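K.L.:
For reference, the structure I am asking about is given below.
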Amino acid sequence: MSLVPFSQACENNKAPILEAISQAFSSSNLVLEIGTGTGQHAVHFAQALPHLTWQTSDQACYIDGINAQLNQARSQGDRGTDNLSPPLILDVTQPWPLSSHQAGIDGIFTANTLHIMAKEMVEAFFIGVGKHLRTQGNLCIYGPFNYAGNYTSESNARFDIWLAQQDPRSAIRDIEWIVQLAETQGLRLVGDHSMPANNRLLHFVKS
C-alpha cells in the first residue's frame, strides 16, 4: 500500500486558493487539474465544489500517491469524493489522455508547476490548454511570478536560486511571458490575485 503523501504548504494555501477559484469555476462542469501532486488540493476543492467533476492528473511517478490520498478520503467517508476522478497519467509534452467524455473541459487548474517545468514544458502546457479548454472556459494558475523581470520578495529570490540548484531548467517565470503564451492560445487574463507566501492566482478565460 502506498503511503499517503502530505504537503504542509498545501494545507496552508488550500483555503485562500479555494476562495479564488470558487468564483472562477462557479459555472464549470469539469475541471482538469494538471500536476495534482499530493492530492490534498483535489480532495479539498472537490468537497467544496460539488457541482463539478474534479479530474486529477500528474506524471506517472505521482499516481500511486494520488490514489492513496483519494482512497483515504473515501475510506474516511469524506463528503464530495463522488465528484473526484482517479488520476490520469499526463505529461504536458505528450498527447493529453482525455477520453471523449472529457472533451468538454471548461476548467483547468494547476498549482506550483510552471516554475518546476522547463520552458519548453511551459510552452507545451499552454498549447495543451488551448487545444482542450472549451471556449469561455477558465484557467487558474497558482504559483510565484516575477513582474517586469523583478522578484516580488526576497524569499522568492532565494527560492529561485534554490530551484536552479535543483534543476537549471526550473525558474520563477515572468508574468509577461506567461500572459503572452496564454494570449497565443486565445486566453485573456481577467484576474491576478495575491496569495500567501508571495504567490499569485492567475485567472484566464478562453475567448
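K.L.:
Would you tally the residues in segment 157-197 being within 13 Å of C140 (Cα to Cα), in contact (Cβ under 8 Å) with a residue 60 or more places away in the chain and of a type in the set (G, A, S)?
P.N.:
Within segment 157-197, residues that are within 13 Å of C140 (Cα to Cα), in contact (Cβ under 8 Å) with a residue 60 or more places away in the chain and of a type in the set (G, A, S) number 1.
K.L.:
Could you pull out the residue among I127, I161, I105 that is assigned to a loop (DSSP other than H, G, I, E, B) and of a type in the set (V, I, T)?
P.N.:
I105
K.L.:
Kindly establish whether M195 is out of contact with any strand residue (DSSP E or B) (no Cβ under 6 Å at 6 or more places or on another chain) and closer than 20 Å to G37 by Cα.
P.N.:
So M195 does not fit the description; no.
K.L.:
From the list G104, G37, which one is at pLDDT 95 or above, open to solvent by 20 Å² or more (accessible area, probe 1.4 Å) and within 22 Å of F204 (Cβ to Cβ)?
P.N.:
When all the criteria are applied, what remains is G37.
K.L.:
In addition: Identify all residues within segment 103-122 that are closer than 15 Å to L181 by Cβ and either under 15 Å from the mean Cα position of the chain (by Cα) or among the aromatic types (F, W, Y) (or both); write none if there are none.
P.N.:
I108, T110, T113, L114, H115, M117, M121, V122
K.L.:
Restrict the check to segment 131-152 and report whether at least one residue is more than 18 Å from the chain's Cα centre (by Cα) and over 22 Å from G191 (Cα atoms).
P.N.:
Checking segment 131-152: not a single residue is more than 18 Å from the chain's Cα centre (by Cα) and over 22 Å from G191 (Cα atoms).
K.L.:
Would you check if S85 is of a type in the set (G, A, S) and without any contact (Cβ under 8 Å) to a residue 24 or more places away in the chain? Walk me through how you get there before you give the answer.
P.N.:
Details: of a type in the set (G, A, S): yes; without any contact (Cβ under 8 Å) to a residue 24 or more places away in the chain: no.
For S85, the condition - of a type in the set (G, A, S) and without any contact (Cβ under 8 Å) to a residue 24 or more places away in the chain - is not met.
K.L.:
Any idea which of (1) surrounded by fewer than 18 Cβ atoms within 10 Å (Cβ to Cβ); (2) under 19 Å from F25 (Cβ atoms) is the one S99 doesn't satisfy?
P.N.:
Condition (2) is where S99 drops out.
K.L.:
I've got another one for you. Could you check L3 against (1) part of a helix (DSSP H, G or I); (2) open to solvent by 50 Å² or more (accessible area, probe 1.4 Å); (3) touching a residue at least 24 places away in the same chain (Cβ under 8 Å) and say which number it fails?
P.N.:
(1)
For (1) of a type in the set (A, V, I, L, M, F, W, C); (2) surrounded by fewer than 20 Cβ atoms within 10 Å (Cβ to Cβ); (3) at pLDDT below 95, each residue gets a yes or a no:
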| residue | (1), (2), (3) |
| --- | --- |
| E19 | no, yes, no |
| A24 | yes, no, no |
| N29 | no, yes, no |
| L52 | yes, yes, no |
| C61 | yes, yes, no |
| N71 | no, yes, yes |
| D78 | no, yes, yes |
| D82 | no, yes, yes |
| T93 | no, yes, no |
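K.L.:
Can you run down the residue pairs with Cβ atoms below 7 Å, 6 or more apart or on separate chains, where the first is in segment 40-67 and charged (D, E, K, R) and the partner is buried (at least 19 other Cβ atoms within 10 Å of the Cβ)?
P.N.:
D58/G35; D58/T36; D58/G37; D58/I66; D58/P87; D58/L90
K.L.:
Of all residues in segment 164-203, count the ones that are open to solvent by 70 Å² or more (accessible area, probe 1.4 Å) and part of a helix (DSSP H, G or I).
P.N.:
7
The values are calculated or read from the model by the stated rules, or taken from the named source; none is laboratory data. From a predicted model like this one, the values you see are computed outputs, not experimental measurements. Every residue, glycine as well, gets a Cβ built from its backbone with ideal geometry; the counts of neighbours run over all protein chains shown. Ligands, DNA and RNA are excluded from the accessible area calculation, which covers all protein heavy atoms including side chains. Shrake-Rupley method; radii C 1.70, N 1.55, O 1.52, S 1.80 Å.
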